[in-house]
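Reviewing the structure listed below.
The values are calculated or read from the model by the stated rules, or taken from the named source; none is laboratory data. These numbers were taken from a predicted model, which means no experiment stands behind them. No Cβ is skipped: glycine too gets one built from the backbone with ideal geometry, and neighbour counts run over all protein chains shown.
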There are 2 protein chains.
Amino acid sequence: MENKLELYRERIENQIKEAIPNNHGSFGELYEAMAYSLYAGGKRIRPLLMQLAYEAVGGKETITPYLCAIEMIHTYSLIHDDLPAMDNDDLRRGKPTNHKVFGEATAILAGDALLNGAFEMMLEDALNQDDMNRVRAAHVLAEASGARGMIGGQILDMQSEGKQIDKDTLDSIHLHKTGALIAAAVHMGALLGGASSNEVTALTFYGKYLGKVFQIIDDVLDATSTVEELGKPIHSDMKNEKNTYLSFYDVDTCYSIAEELTTKAIKCLERVEGDTSLLEHVAFSLVQRRN
Amino acid sequence: MENKLELYRERIENQIKEAIPNNHGSFGELYEAMAYSLYAGGKRIRPLLMQLAYEAVGGKETITPYLCAIEMIHTYSLIHDDLPAMDNDDLRRGKPTNHKVFGEATAILAGDALLNGAFEMMLEDALNQDDMNRVRAAHVLAEASGARGMIGGQILDMQSEGKQIDKDTLDSIHLHKTGALIAAAVHMGALLGGASSNEVTALTFYGKYLGKVFQIIDDVLDATSTVEELGKPIHSDMKNEKNTYLSFYDVDTCYSIAEELTTKAIKCLERVEGDTSLLEHVAFSLVQRRN
């Protein structure tokens, strides 16, 4: 199962590299900066979930533009997040952050270009295919990544730094900052694959549970992992006085909650007709991940 | 004629304020920052051109999401452009720049949210209207504002700061940085209004000429106007060691070139069937503008 997922990941890597070349004539430096962060790897969990959801509901075509788009948006958010004015991080996925290599101005523009490019790519595809359903998928991503989604979550997160917040607020931060994009990945895959509205709902809930698991484990790893294993600075939450699940629970309780949510996520998959074994496997692996 | 355009501008102001509320529950600060720059006025030249092109080719419905979207994208580019890492400007449209009021982190996110929101708004409308032509218009904007358009122009501009460049490079910077979005405004209006492909081409060329005129006059005003008249710092090009048309021509020659381009722009309008008198008037007024 893990080998099969590795093949999916490799294919996604190649799709990303083909879709976004790292050189583009006179705009070379911009593309270089975009590609630097986009090629830097990571788990590709969002495009992976999209592709798996797509196939689970019977999708058989190529959805490269959407796989790339969600990873471009995730990547831009990391570039902007790492900026000195934001989290001021020097290391990401084991490499110097974008602004450390290209300077702040280019990093800001590279982030902008990735965000913009995500929509450009999806819209071009939707027009070529003359398919309103693909426009629908692009809209799901726009909502999830926008002011009422991921960016809204980042503002909430910033506003609560160094403050005591309650658990509902923490949940809301995570739901928006991380959960929205992960849920969107699954939602988009279901839409693109022509799922029934029941299946779309079931898969979107699966994605929401997964998003929360992802964040809980993120919080735990930030406190318990090593720089080498994680590929980015550890204890950054503490440094930035961020509220995390560890402000409310100990590590063991965090894992119990994550496991409970994983069970709920997998329960949602019962309402999908096709083969969801890979989606199930991803859900389990998210709880067990070490980076 | 000028009074009529003033009415158009007022209507656009209202459309923007209605479409993007300056408060939104828990994300309040983000929306406040977005609205601060979006409401700050300016000439609204891009939505104005879009609306006029739309009407010239017979458009009769409401295209608010597209008028707002182009102004949101223009506004986000100003917010990011003004950041300390970029042009480091304190004043814009006679008011402190976004990061001076809300801080750098919020300004970066407000810019991101405006860019993202522009696509969210257009896609929502295209889906509601079930209209691929509207998706086409959104795609024109995505191309114009992206890495091969406006953002590409910003990189070229940055790369050439403090360097001697030739006139072709300067033209390319302006074509991308300013021209692309102004041409897109007219192009989108024509598409949304259901223009023939001949008319779309003619109007897009009109927009391209206008974009160049706009930039030439911008360069001249930066060197010859006052802070009070312009509402932003003057001599910023010199301060940032930017190449401008004044690096190649004197003020009189700049005006001659701008007038010649205006004549060419107006010539394009002959190929449009409907009433283009307002578009003609805007073209003239761009050469004569004082801010």
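Tabulated data for the structure shown
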| item | result |
| --- | --- |
| Top-ranked residue of the range A:142-155 - restricted to ones that are out of contact with any Phe, Trp or Tyr (no Cβ under 7 Å at 6 or more places or on another chain) and among the aliphatic types (A, V, I, L, M), ranked as surrounded by the most Cβ atoms within 10 Å (Cβ to Cβ) | A:Ile151 |
| Selection status of B:Glu55, within 14 Å of another protein chain (Cβ to nearest Cβ) and over 17 Å from B:Leu210 (Cα atoms) | no |
| Those residues of the range B:64-119 which are away from chain A (no Cβ under 11 Å), crowded, with 24+ Cβ neighbours inside 10 Å and among the acidic types (Asp, Glu), in sequence order | B:Glu71 |
| Residues of the range A:239-273 satisfying the condition of being under 23 Å from A:Leu48 (Cα atoms) and surrounded by fewer than 16 Cβ atoms within 10 Å (Cβ to Cβ) | A:Glu259, A:Glu260, A:Thr263, A:Lys267, A:Glu270, A:Arg271, A:Glu273 |
| Residue under evaluation A:Lys163, criteria (1) part of a helix (DSSP H, G or I); (2) surrounded by fewer than 21 Cβ atoms within 10 Å (Cβ to Cβ), criterion not met | (1) |
| Filter result for A:Leu170 (within 22 Å of A:Lys208 (Cα to Cα), under 22 Å from the mean Cα position of the chain (by Cα), among the aliphatic types (A, V, I, L, M) and part of a helix (DSSP H, G or I)) | yes |
| Any pair with Cβ under 9 angstrom, 6 or more apart, that starts in the range A:148-162 at a residue that is within 7 Å of another protein chain (Cβ to nearest Cβ) and β-branched (Val, Ile, Thr) and ends at one that is surrounded by 21 or more Cβ atoms within 10 Å (Cβ to Cβ) and part of a loop (DSSP other than H, G, I, E, B) | A:Ile155/A:Ala147 |
| Helices (runs of 4 or more DSSP H) lying entirely in the range B:233-291 (those with 2 or more residues that are within 18 Å of the chain's Cα centre (by Cα) and not hydrophobic (A, V, I, L, M, F, W, C)) | B:277-288 |
| Top-ranked residue in the range B:189-227 [being over 30 Å from B:Leu91 (Cα atoms) and hydroxyl-bearing (Ser, Thr, Tyr); ranked as surrounded by the most Cβ atoms within 10 Å (Cβ to Cβ)] | B:Tyr206 |
| Number of positions in the range A:1-46 that are within 22 Å of A:Glu124 (Cα to Cα), touching a helix residue (DSSP H, G or I) at 6+ places or on another chain (Cβ under 7 Å) and among the hydrophobic types (A, V, I, L, M, F, W, C) | 8 |
| Residue that is farthest from the other protein chains (Cβ to nearest Cβ), among those in the range A:10-41 that are farther than 21 Å from A:Glu104 by Cα and crowded, with 18+ Cβ neighbours inside 10 Å | A:Ile12 |
| Some residue of the range B:190-205 being within 14 Å of another protein chain (Cβ to nearest Cβ) and either part of a helix (DSSP H, G or I) or at pLDDT below 95 (or both) | yes |
| Scope the range A:103-122; condition out of contact with any Pro (no Cβ under 7 Å at 6 or more places or on another chain) and among the hydrophobic types (A, V, I, L, M, F, W, C); matching residues | A:Ala105, A:Ala107, A:Ile108, A:Leu109, A:Ala110, A:Ala113, A:Leu114, A:Leu115, A:Ala118, A:Phe119 |
| Residue satisfying all of: in the range B:122-147; more than 7 Å from every other protein chain (Cβ to nearest Cβ) and within 18 Å of the chain's Cα centre (by Cα); farthest from B:Leu78 (Cα to Cα) among these | B:Ala137 |
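Yes or no, residue by residue, for (1) in contact with a Lys or Arg (Cβ under 8 Å, 6 or more places away or on another chain); (2) among the β-branched types (Val, Ile, Thr); (3) without any contact (Cβ under 8 Å) to a residue 24 or more places away in the chain:
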{"position": "A:Asp250", "(1), (2), (3)": "no, no, yes"}
{"position": "A:Thr253", "(1), (2), (3)": "no, yes, yes"}
{"position": "A:Lys267", "(1), (2), (3)": "no, no, yes"}
{"position": "A:Val272", "(1), (2), (3)": "no, yes, no"}
{"position": "A:Ser277", "(1), (2), (3)": "no, no, no"}
{"position": "A:Phe284", "(1), (2), (3)": "no, no, yes"}
{"position": "A:Val287", "(1), (2), (3)": "no, yes, no"}
